[in-house]
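Asker: I'd like to ask some things about the structure below.
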Amino acid sequence: MNEHERRATTEALFRDVNERIAESAERFEATETEFVCECADPNCTHRVPASLVEYEEVREDPTTFLVVPGHEHEDIERVVEDRGRFRIIEKVQAVVRRTVVRLDPRSA
């Protein structure tokens, strides 16, 4: 696995964790919760406060992710929206983009 695939796999893992967080929040009828930062750093422990509606907006596209400001990596992604508490990033590097689409749990 090359570096780009490794980074994409880390981001996809954090996205999977957030899918479970969103499901749990919905079960308890919460409207917002704290998600994990979906950046490429496997040691990141930052939390991202967001509503379930905001999370669903990010998840509409399998190439967009929710990250803490400053956790984006310009070599593989670009910021598409800055909401202050978090940024929405889009994967632009080809290998990373293909990998996150392939690993998207909602595409299965």
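Asker: Out of all the residues in region 90-104, which are surrounded by 15 or more Cβ atoms within 10 Å (Cβ to Cβ) and in contact with a helix residue (DSSP H, G or I) (Cβ under 9 Å, 6 or more places away or on another chain)?
Answerer: GLU90, LYS91, GLN93, VAL95, VAL96, ARG97, ARG98, THR99, VAL100, LEU103, ASP104
Asker: Out of curiosity, is ARG85 over 13 Å from ALA12 (Cα atoms) and charged (D, E, K, R)? Spell out the reasoning first.
Answerer: Working: over 13 Å from ALA12 (Cα atoms): yes; charged (D, E, K, R): yes.
It is true that ARG85 is over 13 Å from ALA12 (Cα atoms) and charged (D, E, K, R).
Asker: Considering every residue within region 54-62, establish whether at least one is within 21 Å of VAL92 (Cβ to Cβ), among the acidic types (Asp, Glu) and touching a Cys at 6+ places or on another chain (Cβ under 8 Å).
Answerer: Within region 54-62, none of the residues are within 21 Å of VAL92 (Cβ to Cβ), among the acidic types (Asp, Glu) and touching a Cys at 6+ places or on another chain (Cβ under 8 Å).
Asker: What is the residue count in region 54-108 for residues that are in contact with a His (Cβ under 6 Å, 6 or more places away or on another chain) and within 26 Å of ALA30 (Cβ to Cβ)?
Answerer: Residues flagged as in contact with a His (Cβ under 6 Å, 6 or more places away or on another chain) and within 26 Å of ALA30 (Cβ to Cβ) within region 54-108 amount to 1.
Asker: Just checking, which of ARG83, ARG59 is basic (Lys, Arg), farther than 19 Å from ASP104 by Cβ, out of contact with any Pro (no Cβ under 8 Å at 6 or more places or on another chain) and modelled with pLDDT of 95 or more? Write out each step before concluding.
Answerer: Numbers: ARG59 fails: farther than 19 Å from ASP104 by Cβ.
Step by step, each of ARG83, ARG59 is checked, and only ARG83 is basic (Lys, Arg), farther than 19 Å from ASP104 by Cβ, out of contact with any Pro (no Cβ under 8 Å at 6 or more places or on another chain) and modelled with pLDDT of 95 or more.
Asker: Now for a separate question. Only one of these is hydroxyl-bearing (Ser, Thr, Tyr) and either closer than 15 Å to ARG15 by Cβ or touching a residue at least 24 places away in the same chain (Cβ under 8 Å) (or both): THR64, THR45. Name it.
Answerer: THR64
Asker: Would you be able to say whether some residue in region 18-32 is in contact with a strand residue (DSSP E or B) (Cβ under 7 Å, 6 or more places away or on another chain), under 21 Å from VAL95 (Cα atoms) and surrounded by 19 or more Cβ atoms within 10 Å (Cβ to Cβ)?
Answerer: Checked against the condition, which is being in contact with a strand residue (DSSP E or B) (Cβ under 7 Å, 6 or more places away or on another chain), under 21 Å from VAL95 (Cα atoms) and surrounded by 19 or more Cβ atoms within 10 Å (Cβ to Cβ), region 18-32 yields no hits at all.
Asker: Sticking with this one: In region 1-12, which residues are under 17 Å from VAL101 (Cβ atoms) and either crowded, with 19+ Cβ neighbours inside 10 Å or free of Cβ contacts under 8 Å to residues at least 12 places away in the same chain (or both)?
Answerer: Residues satisfying the conditions are MET1, HIS4, ARG6, ARG7, ALA8, GLU11, ALA12.
Asker: Would you mind stating whether VAL36 is under 9 Å from the mean Cα position of the chain (by Cα), under 22 Å from LYS91 (Cα atoms), among the β-branched types (Val, Ile, Thr) and surrounded by 18 or more Cβ atoms within 10 Å (Cβ to Cβ)? Can you show your working first?
Answerer: Working: under 9 Å from the mean Cα position of the chain (by Cα): yes; under 22 Å from LYS91 (Cα atoms): yes; among the β-branched types (Val, Ile, Thr): yes; surrounded by 18 or more Cβ atoms within 10 Å (Cβ to Cβ): yes.
The answer is yes for VAL36.
The values are calculated or read from the model by the stated rules, or taken from the named source; none is laboratory data. Given the structure is predicted, the values throughout are model-derived calculations rather than measurements. In this analysis, Cβ positions are derived from the backbone assuming ideal geometry, glycine residues included, and neighbour counts consider all displayed protein chains.
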